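The values are calculated or read from the model by the stated rules, or taken from the named source; none is laboratory data. Everything numeric in this text was worked out from a predicted model, so none of it was measured. All Cβ positions, glycine included, derive from the backbone under ideal geometry; neighbour counts span all protein chains shown.
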């Protein structure tokens with residue numbers, strides 16, 4: 001543990017660019033892991049899960065297979081990928097001004113839409129630690145929680161699971177009484193940098209809490225390259241959106257805004 005702590009202390013100094021490799025090398029050295037390990041082998045070694053269609057549809061997660069209902073999310077996937085590649089971004093935070101806007105449903109749909117692109121490797125992290133939902137959406141009961149993986153209580157490979165060959169999911173096991181302790185911690189940033197350098201994902205999605213209900217998202221956004229804001233047409237107030245947009249933009253790049261539950265001629269244009 002002393003060697004690992006020393007590696008983490010070194011990792012805190014930087015997060016992006018060459019720092020990602022330095023962080024991962026430091027932690028691998030402490031753990032005795034070969035820095036030139038097989039990335040595909042690392043992915044394949046994670047426990048595989050199956051997702052049941054009925055359970056997904058119950059939570060409006062519709063992108064496991066190509067279908068008409070998945071089209072809006074597929075369009076979002078393509079637009080997000082193009083913009084992120086253009087800017088060299090890999091870390092996407094998804095948040096909203098207030099709860100019940102559909103951000104977690106959006107995160108899951110986007111992740112599964114990405115998983116259908118077999119040449120891409122994606123990761124989904126449930127960092128809405130006061131009200132985690134991804135485990136219930138996927139009908140899973142994690143043995144360990146994402147907080148334990150970020151704090152180093154358990155190795156990431158013991159906590160994360162894999163869907164098919166190209167989507168890794170790190171879920172919360174339970175509500176956290178003090179999420180900011182995890183989201184603001186230097187250890188979390190260091191762990192994420194090590195995971196990114198070791199597993200080499202093309203996209204990392206972070207399902208974050210709503211901005212205006214607590215300080216959790218503010219604490220984490222420094223770790224994201226860009227953010228997507230989900231607003232709900234029938235409930236989000238304009239001033240709530242403006243405050244959320246300003247606060248997000250102060251800490252990271254705003255990728256875009258998704259207007260959810262907008263209805264035109266009694267037909268849902270996009271739902272989540």
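Inside the range 177-188, residues that are touching a residue at least 12 places away in the same chain (Cβ under 8 Å) and either surrounded by fewer than 21 Cβ atoms within 10 Å (Cβ to Cβ) or on the phi > 0 side of the Ramachandran plot (or both) make up a count of 5.
Looking across the range 189-244, the residues that are part of a loop (DSSP other than H, G, I, E, B), in contact with a strand residue (DSSP E or B) (Cβ under 6 Å, 6 or more places away or on another chain) and in contact (Cβ under 8 Å) with a residue 40 or more places away in the chain come down to 201, 208, 211, 224, 225. Does residue 82 meet the test of being at pLDDT 95 or above and closer than 26 Å to residue 131 by Cα? It is false that residue 82 is at pLDDT 95 or above and closer than 26 Å to residue 131 by Cα.
Residues are listed down the side, and each one gets a yes or a no for (1) within 26 Å of residue 220 (Cβ to Cβ); (2) modelled with pLDDT of 95 or more; (3) part of a helix (DSSP H, G or I):
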residue: 16; (1), (2), (3): yes, no, no
residue: 22; (1), (2), (3): yes, no, yes
residue: 25; (1), (2), (3): yes, no, yes
residue: 35; (1), (2), (3): no, no, no
residue: 40; (1), (2), (3): no, no, yes
residue: 44; (1), (2), (3): no, yes, yes
residue: 54; (1), (2), (3): no, no, yes
residue: 61; (1), (2), (3): yes, yes, no
residue: 71; (1), (2), (3): no, yes, yes
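Screening the candidates 232, 263 for the property of being loosely packed, with under 13 Cβ neighbours inside 10 Å and either modelled with pLDDT under 95 or more than 26 Å from residue 78 (Cα to Cα) (or both) yields one hit, 263.
Within the range 100-129, the set of residues being at pLDDT below 95 and buried (at least 17 other Cβ atoms within 10 Å of the Cβ) comprises 101, 102.
A search for C-beta distances below 7 Å between a residue of the range 47-58 that is in contact (Cβ under 8 Å) with a residue 60 or more places away in the chain and on the phi < 0 side of the Ramachandran plot and any residue that is surrounded by 11 or more Cβ atoms within 10 Å (Cβ to Cβ) and assigned to a loop (DSSP other than H, G, I, E, B), counting only pairs 6+ apart in sequence or on different chains, returns 49/140; 51/64; 51/138; 52/139; 55/139; 56/64.
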